[in-house]
1. Note the angle between two axes, namely the Cα long axis of helix C:258-281 and the longest principal axis of the Cα atoms of chain C, as a number of degrees from 0 to 90, rounded to the nearest 10.
2. Quickly estimate the mean residue ellipticity at 222 nm for chain B, helices only: each DSSP H run with n ≥ 4 gives -39500 (n - 2.57), and the total goes over all residues, rounded to 500.
3. Considering only B:80, B:55, B:234, give the residue with the highest GNM mean-square fluctuation for chain B, with springs between Cα atoms whenever their separation is below 10 Å.
4. Probe 1.4 Å, all protein chains in place: accessible area of residue B:97 in Å², nearest 10?
5. Could you give the dipole magnitude of chain C about its Cα centre, charging the beta-carbon of Lys and Arg +1 and that of Asp and Glu -1, in debye to the nearest 20?
6. Anyone know which of B:99, B:156, B:346 comes out most mobile in the 10 Å Cα GNM of chain B?
7. Output the 0 to 90 degree angle, nearest 10, between the alpha-carbon long axis of helix C:351-361 and the longest principal axis computed from the alpha carbons of chain C.
8. Rounded if a/c is under 1.5, else prolate if a/b beats b/c, else oblate: with a ≥ b ≥ c from the C-alpha gyration tensor eigenvalues square-rooted, which is chain B?
Amino acid sequence: MHFSTPIFYLVSALVIIPAVLMVAMRNLIYSAIAMIACFIGVAAVFVTLNAELLAASQLLIYVGAISILILFAIMLTRRRSGAICLFFHRQSWAALPAGAALAVVLGIVLGSARFSAGSAPKNPSTANLASLLFNQYAFPFELASLVLLVAIVGAVLLAMRERRS
Amino acid sequence: MSWGLSFVIHLIAALVIGLAVPALSALVFPFAVRRLSGFMSDRLGPNRVGPAGFFQPIADFLKLLLKEDVAPLKADRRLFRLAPAIAFITPVLAVSVIPFSKGFTIANLNVGLVFIVAFSSFTVLGILLAGWASHNKYSLLGGLRSVAQMVSYEIPMILNIIIIAMLVGSLSLNDVVGAQGKIWFIAVQPLAFLVFIVAGMAELNRTPFDLPEAESELVAGYLTEYSGMRFGFFYGLVEWGNASIWALTGATLFLGGWRGPFAGNPGWLILKVLVLAFAVIWFFATFPRLQVDQLMNFAWKVLIPLSLVNLGVTGLLIILLPNSFLPPVAAFSWASVITIILLMGPVLRKALLRKRLKLNPGTELGTSQS
Amino acid sequence: MQNEPDLRLEEMVLNMGPQHPSAHGVLRLVLHLDGEMIVSVDPSIGYLHRGFEKLAENRTYLQFFSMLSRLDYLAGFFMEWTYVRCIEGLMEIGPPPRAEYLRVIAGELNRIISHHMAIGDYLLNLGAVTPVLWTFRDREDVLDLLEMLTGQRMMYNYARVGGVRYDLPDGFEEQCRKFLRRFPVMIDEYEQLITGNEIFLARSLGMGVITAEQALDYGLSGPNLRASGVAMDLRRHDPYSAYPELDFDIPTGASGDSFDRYKCRIEELRQSVRIIEQALDALPGGPVNMRIPPMLRPPAGAIYRAVETGRGEWGNYLVSDGSLRPYRLKMRDSCFVALSTMPKILPGHNIADVVGIAGSLDLIMGAVDR
Amino acid sequence: MSAEPFVTGSEEAAGLAEELLAGLAAEVYPDAGRVVIVLQPGRLHEAALKLRDDKQLSFKYLSFAGGVDHKDRMEAIYILRSVNHSVVAELRAPLDRSLPVAPTVSDVWSTAGWHERETFDLLGIEYEGHPDLRRILTDAADGVHPLRKDSRPQRVKREEWRFEGIGAPRRLPGEEERINRS
């Protein structure tokens, strides 16, 4: 057994704790912090899988950009001690079927996937990844950036209208 | 040797070096700043403790350690205490990918460049949390400013790191140093170096981009409520640790890393780091501070387009001349740097004067001229 | 937009001061902010109110004298000068010519130290750390000169009704001329460091514009008024003391922005050097004070006298009822007036500009609150 | 530069002012380099506008607005300057001491805004039509006007204020966080 295997299981188990905390915490800011911890944990999982680029991207994008923006938004809107949220409220009834559906889908995907141990390359080359992204998957990639662009323009438009009025 | 033992040894070595770099920079840099900027502004600086005041940082460290650690009553205590620790992750982890000499890197990752950038997000997070948890408006404003600034300036920073990665053809810092055997990249890409320095000043919250802790406006920004060793963490370890990381990265990317005459060794790297750190201090003693909107405009309207053009042209040259792209890239880069230096001042001045004229088109009034 | 209760935007109220690094003493500004932009400002003063006007009514003319230089504590001689001019005007006496020239010398030295603080503080507010230390270094030389002349570095008590306290001490003229030779070089040095700096220009050009009409409407005076293009200087406009015999220019700006205010002060430093040189050259002989009755009883009446200080018009309106004590002493201060323009000129600027513009207006709370 | 001839001395200025303020001023005389204009009661605002807008006198610059308590009467004092000439004008508006009310001149010269606040604070002269007549220097001295000749030192009652820890905002009147838009 390679030394990274127990670490992989350990880290994977640890990631679940902040994930649960994120849902369970009643303080919005603490939830966000738990979410960040969860992201970092996922990055650590990637490292144990020798997917360093993925880990770095996870840190860069999810911790460095997305969570910070979420925190930014929370802090700007609710200045005082980050509003305590109710644990049980009406949304939980809608969340129950949604969660169940997600569980079913994930179960089907996991059940149908074939895991072949050791088939993953030890050192996934960044060059391979890049050529895949820009050749084979160029269209979905560009489509994703288009969606993001639309979102940015929309956000700018909303902010502009806010200031004008 | 079992994998467990090797793992433990590795971990300990990583921690020792990871902690030593910020700790040493927290001891050396504040002292250097005070003495050098003192010299620049015609005064002495601390010169009482030890020879030439050399033990002053130690005395300061002891003072901070013994000071009462005060947290505001209405602060979010847990986050208030957590924030310095989160921010401290950056310098500790980022050291691990820096090559200190031939074959001596704590973690020889093949994507080390991306990791250095990725780790810097912890500082942003720490500062944001510190600003919010203090329950102080100055802190909040400082935290928000710092996040906006660091996120914005990360983009030109990454773009310029990509340029170097393109020149080398690898994201590993060891390869970057290896590629600089004949010529340092500062000679090939002075434009990227320039942008790297400017963006680095903003990432480090140093003058002229020290808005998050602008003492004349925001008291001390996100640091306002911190005292004792928690303040020491932010001010000494995080800030100057990050400065070290920035200088180490810059030395590795542009100044040939540990390379130097008489066999490359970490000594050369340290020397280059000190040279870059001197630039930080020099800026501190010379420049006033920018304004928030100017800061953002500068990042989005000047630095990012400039970096994108540089990236595009460099990429094009690499594709067109796959074997001998260094001379044309260098020619383009040097030409742009010279143009910028010659043109930026007059253009900027003209724009500012035009703006002023628009605000007040000169009023004529019956005045008794002497 | 419709009224959506979810989309409420909150203005942030930032209470800047009275304890704040750039509060210029104890100025409190209640800022309403939209993000970093100022929506409205309410300056709140009175934290340094010591009731000078009431104190004057309860002391004899001479007892009150020693308190005067505590008003504008950076250039205290102007306050004494105005006060003795009032009493001399009521008693219809005039000091001997040598005393007038000594007053001019002391006044211009005070103007230099006042502008030193103004320029240094302004740049410190903009985040530049070196200029303030350079101006303090040169301020020290002037304070030495003032110490030679008056025996004090801060609270001079040099002016006397009917003259000045001391004649020139030995060696003063030599040392003063030495300083006057060296000082223009120092002014050039400030300008080399600051005036051409693009960041400084970006922070000062077009910031806090006050048009000439506004300036007159608000009754600004001193460099703040002249920066708006109104060449009104009481030394010329309402000549007093030895100024009619001295040759000097009145520097004016065109736009009334922070840069013009800064530049006016720099030019006034040069003019002050010229004035002191001429005053030393033309210094007449004779006594430096005249005999006045030990118990001053100016005849009943009212009088208004003003002096052009470094910050503008300092005026005293003195009502005497023929007794030993002033019946009413109203002091007119230019910083009070400059501060009152802030609600007008600040909205639309950034937080950073609050301290920048406050610095460029050169406020001294000791004089504002009285 | 206006083509109007400048006023050269306080005698000339006094003559011009007397002519200008016929019916408004009770007394105009030159004194120690300035023109003293004693107004008739209630004519302050008209006189201020005339003095400011007159081409020759052109008193566009208000040095300060203050007041004097003469025990039997109160006077509002205004010192005026002009850019064109060096003569200073002193406006005196007599007021009833038991109820000192003067019209504001802050619409004539903006600088009067704060000077009138100060005079209101220290002498208790109320300025009618002032947009923002609050105390300015001695906020805590409620109802006490220290520069009145009959005011005696007295204990100032302070609003009870409990320390709620660092960061607890101290609310002052008129300082509530405003909700801008809804």
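The values are calculated or read from the model by the stated rules, or taken from the named source; none is laboratory data. A quick note: this is a predicted structure, and the numbers were derived from the prediction, not measured. So basically every Cβ, Gly included, is an ideal-geometry build from the backbone, and we count neighbours across all protein chains shown. Quick note on the areas: whole protein, heavy atoms, side chains included, nothing else; ligands and nucleic acids left out. Shrake-Rupley method; radii C 1.70, N 1.55, O 1.52, S 1.80 Å.
1. 10 degrees
2. -21500 deg cm²/dmol
3. Of B:80, B:55, B:234, the Gaussian network model singles out B:55 as fluctuating most.
4. Its heavy atoms expose roughly 10 Å² to the probe.
5. Its charge dipole is roughly 1400 debye.
6. B:346
7. Roughly 20 degrees between the two axes.
8. oblate
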